[in-house]
Amino acid sequence: MNLFGVSSVELVIILVVVVLTIGPKGLAQALRAFRKVVDFGRSWSAKLREEARRDVVGLDDVDLSGLDLSQLDLRQYDPREIVRQAVREEMEAWTKQAGHQPGKSPDPTRP
């Protein structure tokens, strides 16, 4: 087992040194503090789960029957069409800047 780069043997040695250093009273206080941290983590996690459940369940309560989607055109969100239009606009801007008008052939005498 390797936890945070510490092997299990090293972890046991660290725990023994901590227990010997803080003593029985300190160990009891440390365990109570650890218990409070774990309880806080559990309650926080339960609160997050409850909020997520309410958010997901809340979507089931929404009435979408009155929503008119007839005007919605999803083709406008097609990435290929977005790129085509962006390239078309950029090409028109370049040709306008160069003095060439679309639909006319460029002047072969002009460099």
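No lab work stands behind these numbers, since they all come straight from the coordinates. Note that this is a predicted model, so its numbers are computed, not measured. Please note: Cβ atoms are built from the backbone with ideal geometry, for glycine as well, and neighbour counts cover all protein chains shown.
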Taking the convex hull of Cα positions in region 18-97, its mean projected area over all directions (nm²): 14.0
Environment charge at S43 (Cβ cut-off 13 Å; Lys +1, Arg +1, Asp -1, Glu -1): +2
